[in-house]
Amino acid sequence: MTTLSSDSLQSAAGSGPRPPDPGPTRRMAEGGGWWAQALSVLGKDLRSEIRSAAAAMAIGMFALVTLVLVSYGIGQAALQEEVQASLLWTVLFFASSVGLARTFVKEEETKTAIALRMSARPSVVFGGKLAFNCLLMVVLAALLVPLFLILMTVEVQSPPVLLGMVAMGVVGLAGGSTIVAAIIAKAQVKGPLFGALAFPILVPLLLLLVRGTALALEGAAWSDVSTYLLGLIGFTGAMITASFLLFDAVWES
């Protein structure tokens, strides 16, 4: 009778078929705590965007065409600071609505929403999607704001204040757009519905951003815009908190 040593058993086990890979969905479910899973959702969306560049291309082309047409139409006309600020945030809002609306729509179109529901908690999904939209808005603002200042020949008297207003606008627009994108994901007419829902929600944010940006262009100090910054922080914080609380019902419906 032939006896098998422990070494031969280990060798035979190692040469046998390997267990099937659990796949990214199972790995996400077993990926640790809340932050680890949210980063997994963010990483999944980043890899998808790098492969297709659908959202980035849509946002970039819309923003570029709109900005060129606006600057051409205005020409050399001198505009007041509030008009310049209004144009800037109008372009940023509509450019963001083109790409950020697809955050959840693509999950429904590619039939991956069910797997995402099974593999991660709703708050994790929203956190990852929110982070992804924030990154998209950072890229959009980094490209669009300098181009706007150049094409519109805008003189910024207080660059740090302008940077602070843009940073708050990026987070606020991403926060409001993410929950609206989740709401319209299963609707048949998604584009018009996104604008119809997002604009009323974001009107207070946009008004604060326009006024604060106008003051930054005029050369206002931090103390002069503190009221608007506190309003932006409070509104954005309340909106994101409410979105986290409501997302469970939206996502599971």
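Bear in mind these aren't lab numbers, they're just calculated from the coordinates by the rules spelled out. The structure displayed is predicted, hence computed values, not measured ones. All Cβ positions, glycine included, derive from the backbone under ideal geometry; neighbour counts span all protein chains shown.
General remarks:
- Across the chain, Cα pairs under 8 Å and at least six residues apart give a relative contact order of 25 percent.
- Counting only alpha carbon atoms, the long axis of helix 6-15 and the longest principal axis of the chain meet at about 50°.
- Note on the chain: with charges restricted to the Cβ of Lys and Arg (+1) and Asp and Glu (-1), its dipole about the Cα centre is near 760 debye.
- On full extension, the segment bounded by Trp222 and Ile74 gains 50.2 nm, given 0.36 nm per residue less the C-alpha separation.
- For the stretch 186-239 versus the stretch 50-65, the spacing of their alpha-carbon centroids is 23 Å.
- Among Ser223, Thr213, Ile183 - extreme Cα towards positive end, dipole of the chain, charges at beta-carbon: Ile183
- Number of Lys-Lys pairs in the chain with C-alpha atoms under 15 Å apart and a separation of 8 or more places or on different chains: 7.
- Working from Cα pairs under 8 Å separated by at least six residues, relative contact order for the stretch 105-180 is 42 percent.
- Point-to-point label distance, Ile50-Leu135, nm (Cα→Cβ direction, 7 Å offset): 0.9 nm
- C-alpha long axis of helix 81-100 to longest principal axis of the chain, angle in °: 20 degrees
- Rounded tilt (10° steps) of 34-52 against the dominant C-alpha axis of the chain: 80 degrees
- Under 12 Å from a label point set 7 Å out along the Cα-to-Cβ vector of Glu82, the amide N atoms of the stretch 213-245 belong to 214-215.
- Computed from the Cβ-Cβ distance with R0 of 41 Å, the FRET efficiency linking Ile201 to Leu151 stands at 0.90.
- Burial ordering of Thr66, Thr213, Thr227, fewest other beta-carbon atoms within 10 Å first: Thr227, Thr66, Thr213
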